[in-house]
Every structure is written in structure tokens, then in C-alpha cells.
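Working notes, structure below.
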């Protein structure tokens with residue numbers, strides 16, 4: 001979601017309502033058993049109608065976690081050029097992933113995952129959506145790039161982009177697993193960079 005100060009009045013009001021519903025849902029879930037947290041209860045707590053709830057969230061689980069569809073990435077000019085393409089792609093994936101979550105909510109989200117581990121299924125689904133969006137963007141850029149348009153080793157741009165996305169996602173998965181069985185909060189940039197360096201060092205050792 002773009003910064004609030006760049007949004008129109010209508011967009012700001014929509015964002016405020018989205019946050020209002022999410023905060024009501026998250027706090028109810030932390031206070032009660034999730035089975036007792038109904039759409040009716042969330043809407044009542046947020047002061048909106050159930051119809052309004054479904055205008056913002058498809059399920060109560062999405063409202064509790066504060067998640068939305070991730071934003072498709074826009075690759076800057078020259079993204080595929082030069083060294084450190086793996087690092088750039090990993091950071092791009094992290095940025096797309098963060099676009100799906102409410103900002104500044106990592107600590108509470110960690111408590112929700114700890115209380116309701118089944119919500120991690122939704123996180124995995126969102127991760128797959130993010131990887132798919134990045135893979136499509138990379139394939140599109142590769143198809144128009146003179147050095148990438150023919151793919152690699154007989155594989156087309158779709159397969160090449162999928163392999164790059166898979167490789168770039170490895171440091172993120174490693175960093176998440178290093179947190180323990182349940183996430184403690186949002187991954188910080190230094191942790192991600194350290195995981196990328198380890199991955200690159202290991203690849204060079206194995207190659």
C-alpha cells in the first residue's frame with residue numbers, strides 16, 4: 001500500500017476502514033478462541049456492516065492477519081543487468097511479500113501465528129502468490145532483453161525466470177526458518193543480506 005500522504009481522500013478513508021476492521025479482528029482473535037471470532041462479531045466491533053466487511057476482506061482469517069493481495073512488482077530499468085541479480089531478486093520478492101501485510105503489525109502477527117498455527121497456511125499461500133508475481137515480471141522483462149530473450153541452456157524465459165525466482169526465494173525461506181518454528185516478526189534487511197551471502201558462498205563452494 002502506498003504511503004497514506006500520497007493517497008486521495010477516498011483512498012485514505014478506504015485504508016482507514018481496512019485498518020479498523022483488521023485491528024478489531026486481530027484483537028478479538030487474541031482475546032478469544034478464533035472459533036468465537038465471527039464476521040458478525042468483527043463487524044460489530046469495528047462499527048461496520050457485514051456487507052462492508054466483505055468489501056474489504058474475503059475471509060475472517062484475512063481480516064485477523066491483516067493481509068491483502070500482494071502488489072505486482074515494477075522492475076526498474078536495467079534490473080537484469082550487472083552483478084548481484086540474485087540479491088536484487090530476493091529483495092524484490094521481500095518487497096512484494098511485504099505489500100500483502102499490514103505495516104507495523106509484525107509483532108502482533110507473530111502472536112497470532114503462535115496462538116493459531118493453522119494461520120501459517122495462509123502465509124504460505126501468499127508466499128506462493130508473491131513468487132508467481134515476481135516470476136511473471138521477470139519472464140516479461142527477460143523476453144524483451146537482448147541477453148535474456150533466448151533463455152538459458154535450451155530453456156525459455158518462463159523456465160529461466162522460474163529458476164531465478166526459486167533461487168532468490170531460498171535466502172528468504174532460510175531466514176524465516178532461522179526464526180524458529182513460528183515467526184517472531186518481520187525480517188530485517190540485514191538478516192536477509194546475511195542469508196543471501198551464505199547462499200552465494202555455499203553455491204560457489206558446490207559449483
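Rule-based calculations on the coordinates, nothing more; no lab input. Predicted model, so just to flag it, every value in this text is computed and none were measured. Every residue, glycine as well, gets a Cβ built from its backbone with ideal geometry; the counts of neighbours run over all protein chains shown.
Axis angle, to the nearest 10 degrees, between helix 157-178 and the longest C-alpha principal axis of the chain: 60 degrees. Each Cα pair of the stretch 19-120 feeds into the Kirkwood radius, which the Stokes-Einstein equation turns, at 10 °C and 1.306 mPa s, into a diffusion coefficient of 104 µm²/s. The long axis of helix 9-31 is offset from the longest Cα principal axis of the chain by roughly 70 degrees. Would you mind getting me the FRET efficiency between residue 77 and residue 158? Use the beta-carbon distance for r and R0 = 22 Å, nearest 0.05. Computed FRET efficiency for residue 77 and residue 158 comes out at 0.50. Relative contact order of the stretch 85-206: 33 percent, from C-alpha pairs under 8 Å at least 6 residues apart in sequence. Here the simple spin-label model places points 7 Å from the Cα toward Cβ, and for residue 193 and residue 144 these points are separated by 3.1 nm. Over the alpha-carbon set of the stretch 4-65, divide Rg by the Kirkwood Rh and report the Rg/Rh ratio to two decimals. Computed over Cα atoms, the ratio is 1.01. From least to most packed, judged by other beta carbons within 10 angstrom and beginning with the fewest, 194, 188, 62 follow the order 188, 194, 62.
Each of 109, 51 has some number of other Cβ atoms within 10 Å of its Cβ, and from fewest to most they run 51, 109. Each Cα pair under 8 Å and six or more residues apart adds its separation to the average, and for the chain the resulting relative contact order is 19 percent.
Pairwise alpha-carbon distances in the chain exceed 29 Å for 35% of all pairs. The ranking of 67, 134 from fewest to most other beta carbons within 10 Å of each one's beta carbon is 67, 134. Between the helical axis of 85-98 and the dominant principal axis of the chain, each derived from Cα atoms, what acute angle in degrees is found, rounded to the nearest 10? The two axes meet at around 10 degrees. Counting each DSSP H run of 4 or more residues in the chain as -39500 (n - 2.57), what helix-only mean residue ellipticity at 222 nm follows after dividing by all residues, to the nearest 500 deg cm²/dmol? Mean residue ellipticity at 222 nm (helix-derived): -21000 deg cm²/dmol. Computed from label points 7 Å out along Cα-Cβ, the spacing between residue 125 and residue 166 is 2.5 nm. Taking 0.36 nm per residue of sequence separation and removing the Cα-Cα distance, the residue 30/residue 202 pair yields an extension gain of 57.8 nm. Rg/Rh for the stretch 85-206 stands at 1.02; both radii use Cα atoms, and Rh follows the Kirkwood definition.
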